[in-house]
Amino acid sequence: MATGKINVSVENIFPLIKKFLYSDHEIFLRELISNATDATVKLRHLCNIGEAKVEYGNPMIDVKIDQEGKKIHITDQGLGMTAEEVEKYINQVAFSGAEEFLDKYKDSAKDAGIIGHFGLGFYSAFMVAEKVEIFTKSYKDEPAAHWVCDGSPEFTLEASDRTERGTEIVLHIAEDSVEFLDEHRIADLLSKYNKFMPIPIKFGNRKEIIKEGEGEEAKDIEVEVDNIINNPNPAWTKQPTELKDEDYKSFYRELYPMQFEAPLFNIHLNVDYPFNLTGILYFPKLSQDLQLQKDKIQLYQNQVYVTDNVEGIVPEFLTMLKGVIDSPDIPLNVSRSYLQADGAVKKIASYITRKVSDKLKTLFTENREDFESKWNDIKIVLEYGMLSEPKFYEKAGDFFLYPNVDGKYFTMTELKEAITEKQTDKDGKLVVLYAQNKDAQHSYIDAAKEKGYEVLLLDSPIISHLIQKLESDNENMTFVRVDSDHIENLINKNTTIVSALSDEDKTKLKAVLEDIIPTSTYTVQLEAMDSKAMPFMITQPEFMRRMKEMSAMGGGNMFGMGKMPDMYNLVVNTNNELANNILHTEDKVKQEHLVKQALDLARLSQNLLKGEELTAFVKRSFELMN
Ligand code: ADP
Ligand code: MG
């Protein structure tokens, strides 16, 4: 029997490992199963190239919990190690990796990816075990070896009587880690980290009903079968041509078993130059809570789960998608900020962006109707992308849609065409009218439609930002919400309406109104409109409202303003009979009632009348009826 001291200068490395990687103890299992997988894949390769003259068979990895013995066994049928190899790979190499790791990352060892990368993989076993044993027999015709280490740098290495090819790792679970002896805990970990690893992983047995006998004689019997917990050939490892729509959908269910809603569509990523990347991204039906939605894309490295935080790798706007990305080229040993500056990672992000825009374009051209039917579920991602990724913005022009309030969809080109004739302002700019809420802005929408104007429904929370951008890129366009400013003023008409009131009367009326109406909030504007148009109308200057929306969405404290005040225009139609009435009512009290009533009605149609004021309004209305 050989004993020795592991080649390491740190007196006792294990407490350090434990301490630094405290939050990530659970990854020991991933590391050991990765090693078992590597060993099996290596053997398959050696068999394929004729280097190993053994029967490859149908190897699997077996994970077993021994409750009484407080042990976990991880056994593979891979290429195994000779005693010499244990000496070399476990005692020397692995520990030099550990040392390097500790030197460099004492302070920042949070990223779970670090471990595998530095060859500390095997030693992560000591995060949960007080003693670790290796029983291993190489595929080469050499005696088996038995290595034991109790967490101090001392180890023993002796011959073993193991006869099967492969390696068995035995973890003697430490007192503070007994949670890992729980079957559910291990099952959860296997499902989190190993669900798509390329070699079958067995965890216990399960019962299965099979038919025995034939015809009349046939009967159901219960048998025990291996409980294989992974799918070694997940959809993303296949070629897109091998997969049907149903395969993508069922893979989605495999990834998100708790998700009942089917995805809208998928994008298969598959590139091997200048970097390696495979994966499938899904556009899910978005929930209202976008924050909840994030971090659902899972990152794998050669089918080993790494993280579901893909920030920095996937462009921000696509983090709302779901699915899988698998790449051996994403450096896992570095901080997120470094990742964002990494050239290869940048290329990956722009590749993904391009794939997504290409896919959207294809969907739009191939089946526009279907694309339109999904619009409400995808628009926010697209809007976000247009705002944050210039490359995506460029491409989105081809498929970004502008629905009107009646559910008709326009591309930008179609929209321009549709409004060129009717909706231009004095300077010849196109005026795009839009509503954000069909109910709240109902009366304004109605009025605009009556005039034959096209009214878009742009109702996402970030639309103001996008509109701002569209305007700055399309100098001949201006977006105006139907209840903003006064659209009749803005849009160039061929006929001007004559005012029914004389200039003198107008001055008088204005004075009366400004006496009663709080002018700090409302700017009174007299307009000659169609006599049937509403007598009082409240509008909010487009600019003002948009700035407010943007700062509310977190555009920061724009222009150093704190909370912006509420400012509205009160547009009074001088051609409506009511204007005349107010002007000629002699009774001052009655006049005030009329004005207040009209103002409140206008506020009501803008959803601005609430609480105490609403109560007062209702009361006043009943009084007026008598
Ligand atoms: P890495 O996997 O990054 O090489 P590890 O610390 O996980 O680092 O493993 C160190 C080495 O030990 C491996 O490279 C491999 O040579 C050997 N090894 C570990 N586990 C096994 C195993 N189950 N079968 C064969 N060799 C193994
Ligand atoms: Mg490893």
Picking from Ser177, Ser160, Ser191, the residue that is in the same structural domain as Val41 (by TED's automatic domain parsing) and more than 40 Å from the chain's Cα centre (by Cα) would be Ser160
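Quick one: in segment 148-191, of everything that is closer than 18 Å to Ile33 by Cα and within 16 Å of ligand 1 (Cβ to nearest atom), which residue is surrounded by the most Cβ atoms within 10 Å (Cβ to Cβ)?
Going through segment 148-191, the residues closer than 18 Å to Ile33 by Cα turn out to be 165-173, 180-191.
The next check asks that each one be within 16 Å of ligand 1 (Cβ to nearest atom); those that pass are 165-171.
On the way: Arg165: 22, Gly166: 25, Thr167: 28, Glu168: 22, Ile169: 22, Val170: 21, Leu171: 26.
This residue is Thr167.
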Of Gln597, Gln591, the only residue that is farther than 25 Å from Gln540 by Cα, touching a residue at least 12 places away in the same chain (Cβ under 8 Å), surrounded by 14 or more Cβ atoms within 10 Å (Cβ to Cβ) and outside the structural domain of Tyr444 (by TED's automatic domain parsing) is Gln591
Residue hits (segment 93-123; within 11 Å of ligand 1 (Cβ to nearest atom), at pLDDT below 85 and in a helix (DSSP H, G or I)) are Val93, Ala94, Phe95, Ser96, Gly97, Ala98, Phe101, Ile115, Gly116, His117, Tyr123
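Only one of Glu623, Glu612 is modelled with pLDDT under 90 and in the same structural domain as Leu509 (by TED's automatic domain parsing). Can you tell me which?
On the way: Glu612 fails: modelled with pLDDT under 90.
One residue alone meets the criteria, Glu623.
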Of the residues in segment 207-249, those that are open to solvent by less than 100 Å² (accessible area, probe 1.4 Å) and either closer than 30 Å to Lys64 by Cβ or hydrophobic (A, V, I, L, M, F, W, C) (or both) number 21
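Can you tell which of Ala396, Ala447, Ala435 is closer than 30 Å to Leu604 by Cα, open to solvent by less than 30 Å² (accessible area, probe 1.4 Å) and not assigned by TED's automatic domain parsing to the domain that holds Ser605? Walk me through how you get there before you give the answer.
Values: Ala396 fails: closer than 30 Å to Leu604 by Cα; Ala447 fails: open to solvent by less than 30 Å² (accessible area, probe 1.4 Å).
The match here is Ala435.
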Just one listed residue, out of Ile65, Ile90, Ile74, is part of a strand (DSSP E or B) and within 16 Å of ligand 2 (Cβ to nearest atom), and it is Ile74
Residue hits (segment 42-54; open to solvent by 50 Å² or more (accessible area, probe 1.4 Å) and either within 17 Å of Ile186 (Cα to Cα) or within 16 Å of ligand 2 (Cβ to nearest atom) (or both)) are Lys42
Checking Tyr402, Tyr409 in turn, the sole residue that is surrounded by 15 or more Cβ atoms within 10 Å (Cβ to Cβ), modelled with pLDDT of 95 or more and touching a Pro at 6+ places or on another chain (Cβ under 6 Å) turns out to be Tyr409
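If only one of Phe364, Phe371 is open to solvent by less than 20 Å² (accessible area, probe 1.4 Å) and either in contact (Cβ under 8 Å) with a residue 24 or more places away in the chain or assigned to a loop (DSSP other than H, G, I, E, B) (or both), which one is it?
Phe371
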Every listed condition ((1) in contact with a His (Cβ under 8 Å, 6 or more places away or on another chain); (2) of a type in the set (A, V, I, L, M, F, W, C); (3) open to solvent by 30 Å² or more (accessible area, probe 1.4 Å); (4) in the same structural domain as Tyr300 (by TED's automatic domain parsing)) holds for Met258 save (1)
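Restricting attention to segment 551-568, which residues are modelled with pLDDT under 80 and buried (at least 18 other Cβ atoms within 10 Å of the Cβ)?
Hit for segment 551-568 is Ser551, nothing else.
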- Quick one: is Glu224 in a helix (DSSP H, G or I) and of a type in the set (D, E, K, R)? no
Just one listed residue, out of Gln77, Gln67, is surrounded by fewer than 17 Cβ atoms within 10 Å (Cβ to Cβ) and either at pLDDT 95 or above or within 10 Å of ligand 1 (Cβ to nearest atom) (or both), and it is Gln67
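Give segment 263-297 a look and list any residue that's modelled with pLDDT under 90, surrounded by fewer than 17 Cβ atoms within 10 Å (Cβ to Cβ) and outside any helix (DSSP H, G or I), or say none.
Once the filter is applied, which keeps residues that are modelled with pLDDT under 90, surrounded by fewer than 17 Cβ atoms within 10 Å (Cβ to Cβ) and outside any helix (DSSP H, G or I), segment 263-297 yields Asp272, Tyr273, Pro274, Phe275, Lys285, Ser287, Gln288, Asp289, Lys294, Asp295.
The values are calculated or read from the model by the stated rules, or taken from the named source; none is laboratory data. Quantities reported herein were computed from a predicted structural model and do not represent experimental measurements. Glycine gets a Cβ as well: all are built from the backbone with ideal geometry, and neighbour counts include every protein chain shown. For accessibility, only protein heavy atoms count, side chains too; no ligands or nucleic acids. Shrake-Rupley method; radii C 1.70, N 1.55, O 1.52, S 1.80 Å.
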